[in-house]
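Colleague: Starting off with a structure, shown below.
Read-outs throughout are calculated quantities, based only on the coordinates presented, and are distinct from any laboratory measurement. What you see is a predicted model; the values in this text were computed from it and never measured. FYI the Cβ positions are ideal-geometry reconstructions off the backbone, even for glycines, and counts take in every protein chain you see.
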Amino acid sequence: MPDVLDPAPYDALLLLSFGGPEGPDDVVPFLENVTRGRGIPKERLKEVGQHYFLFGGVSPINAQNRALLDALREDFAAHGLDLPVYWGNRNWAPYLTDTLREMVADGRRRILVLATSAYASYSGCRQYRENLAEALATLEAEGRELPRIDKLRHYFNHPGFIEPMIEGVLESLADLPEDVREGAHLAFSTHSIPETAADTSGPAGQHGDGGAYVRQHLDVARLIAEAVRERTGVDHPWRLVYQSRSGAPHIPWLEPDICDHLEELHGQGVPAVVMAPIGFVSDHMEVLYDLDTEAKAKAEELGLPVRRSATVGADPRFAAAVRDLVTERAAAERGKKVAPCALGALGASHDVCPVGCCPARAPKPAAAGADSPYA
């Protein structure tokens, strides 16, 4: 086997995701898991869960993760990378702790983690690391041998993540009526988070206005917009916008909201918009509801032609990118010099989250970082 495809010292990859309900009876228990510790009444959770009930109580995220698992396994096998792939969720079955139990029982001792979040933020990185620490603490209390766990770096600017999104925007532009296509604006959308969480995202040296979270998204948006210009000859105006706000109204969150942005563009006489959900790995509920339902309804109300481009999902180029990330990290762990693959101005992200990276409001142990209690 070529050395570049040697996964050593790792003996497994764990796909770590958010999870979602798979039927109407799952919705409220799932939301109870998501909001545990916040004291939200069950009746309020039923109201919050209405967008799940619109889709039969089924979030598409689990099916999308199964498709990604298949794509990863197929790619690894085709390229001679002998590394089993497991799957665990934060908030629904298969639960992370159960999956780690299974991995330990299977003899896995050096585990790499791929989180379904490409960018730096508390909820997109450190919270997953906290979940890993909680799961390891449970296994430790059960007297099990603990594996060593490392997390793959942020992959927001890997070509295998960027290229499918470029193609998706091009396809959406081509699908617009010809008379509005050239004047279409690009709205690059991601999950809104509290401004304080954005400002402290990434390593401490990157904290500030918007932190690493905003800078990383802006870099991806620029890469896509520049590629679209190069391939079409048209310089489409663009902006980074936000969606899926869920916090108290008195707490400042990142803006503008996608629906407010559509209203603003319509008022300016913009003829059409392509909504590109660059902050999301797959077409899960926040994409289907906040963009395909709410934002498209707003556009229809305004008489504004819109298209929504595809997320990366289980695209073979993304699966190949994961293979690249795995072999890159494995080689580095073996002491080899590697040249990480990354586009744009920011370069490749750190392999190990440093102390102070994406801090929590209330400090909790987090695995797979410089401050991990499970080194």
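Colleague: From the mean inverse distance of alpha carbon pairs (Kirkwood) and the Cα radius of gyration, derive Rg over Rh for the chain.
Modeller: Result: Rg/Rh = 0.96.
Colleague: Also, quick follow-up: From zero up to wherever the largest Cα-Cα distance of segment 252-375 sits, split into 10 Å bins and tell me the percent of pairs in each.
Modeller: Going from the shortest bin to the longest, the percentages are 10, 25, 27, 23, 12, 2.
Colleague: With +1 on the Cβ of every Lys and Arg and -1 on the Cβ of every Asp and Glu, and nothing else charged, how large is the dipole of the chain about its Cα centre, in debye rounded to the nearest 20? Don't jump to the answer; show the numbers that get you there.
Modeller: Working: 37 positive and 54 negative charges, 231 e Å.
It works out to roughly 1120 debye.
Colleague: Specify, per residue and in Å³, the volume enclosed by the convex hull of the alpha carbon atoms belonging to segment 159-308.
Modeller: Working: hull volume 17.8 nm³, N = 150.
It comes to 119 Å³ per residue, whole-number rounded.
Colleague: Lysines near residue 364 by alpha-carbon distance under 30 Å, same-chain residues fewer than 8 away left out - which ones?
Modeller: Within the straight-line cut-off, residue 364 pairs with 42, 46, 151.
Colleague: Roughly how many nanometres apart are two label points built 7 Å out from the Cα toward the Cβ at residue 248 and residue 351?
Modeller: Result for the modelled spin labels: 4.2 nm.
Colleague: Can you give the helix-only mean residue ellipticity at 222 nm for the chain, where every DSSP H stretch with n ≥ 4 adds -39500 (n - 2.57) and the sum goes over all residues, rounded to the nearest 500 deg cm²/dmol?
Modeller: Calculated at 222 nm, the ellipticity per residue is -12000 deg cm²/dmol.
Colleague: Sticking with this one: Choose one of 267, 159, 249: the residue whose Cα lies farthest towards the positive end of the charge dipole of segment 159-308 (beta-carbon charges +1 Lys, Arg; -1 Asp, Glu; about the Cα centre).
Modeller: Farthest towards the positive pole: 159.
Colleague: Now a separate question. Looking only at segment 271-299, which residues have a backbone nitrogen under 15 Å from a spot 7 Å from the Cα of residue 182 in the C-beta direction?
Modeller: 271-272
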